[in-house]
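Input: one structure, supplied below.
The values are calculated or read from the model by the stated rules, or taken from the named source; none is laboratory data. The model shown is predicted, which means the values in this text are computed figures rather than measured ones. Methodologically, a virtual Cβ is constructed for each residue, glycine included, from the backbone with ideal geometry; neighbour enumeration extends over all protein chains shown.
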């Protein structure tokens with residue numbers, strides 16, 4: 001009985017988080033303005049770069065070779081993390097604002113792409129890559145001035161299940177443009 005109740009509560013919480021990301025609930029702007037660090041389009045850090053494990057594991061920065069690279073998908077070339085997990089833009093974020101508007105329950109469904117480097121390492125990505133500081137003090141990777149996120153339902157490299165969710169979550173192409181076509 002306890003296991004069923006726990007599973008039910010988990011499903012309810014995830015459903016609420018997804019609903020919160022569609023509209024205004026759970027997506028209020030951060031109270032303070034985090035610092036912004038912009039890197040060159042193909043910036044390569046001298047310190048070791050790190051990327052986040054997929055959302056199913058954790059959203060804390062872990063060691064890896066590159067933060068962003070490109071991969072082929074049914075929508076053409078897209079930006080992924082170093083492990084091939086798709087990353088997304090949130091259209092409610094404001095370019096170059098230095099903040100993420102995905103907060104609270106929204107972050108459960110859309111964990112941020114974090115790094116330990118001021119200049120994330122990229123392969124094939126031509127858009128401007130940088131970081132913003134989250135309210136918790138972590139570095140979230142940005143592309144063309146917008147924060148990047150994972151989708152919790154993408155469980156393996158190549159998944160693009162977050163594309164077009166609630167008409168506010170979109171993949172990025174290598175130049176950092178939002179891909180607004182529907183997934184095939």
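Name the residue that is farthest from residue 143 (Cα to Cα), counting only residues in segment 48-74 that are at pLDDT 95 or above and surrounded by fewer than 18 Cβ atoms within 10 Å (Cβ to Cβ).
Out of the qualifying residues, it is 74.
Is it the case, given these coordinates, that residue 98 is within 15 Å of the chain's Cα centre (by Cα) and either at pLDDT below 95 or more than 21 Å from residue 152 (Cβ to Cβ) (or both)? Show your work before the answer.
Numbers: within 15 Å of the chain's Cα centre (by Cα): yes; either at pLDDT below 95 or more than 21 Å from residue 152 (Cβ to Cβ) (or both): yes.
Criteria met by residue 98.
Here are the criteria: (1) over 16 Å from residue 81 (Cα atoms); (2) out of contact with any helix residue (DSSP H, G or I) (no Cβ under 7 Å at 6 or more places or on another chain); (3) surrounded by fewer than 17 Cβ atoms within 10 Å (Cβ to Cβ). Tell me which single one residue 166 does not satisfy.
Of the numbered conditions (1) over 16 Å from residue 81 (Cα atoms); (2) out of contact with any helix residue (DSSP H, G or I) (no Cβ under 7 Å at 6 or more places or on another chain); (3) surrounded by fewer than 17 Cβ atoms within 10 Å (Cβ to Cβ), the odd one out for residue 166 is (2).
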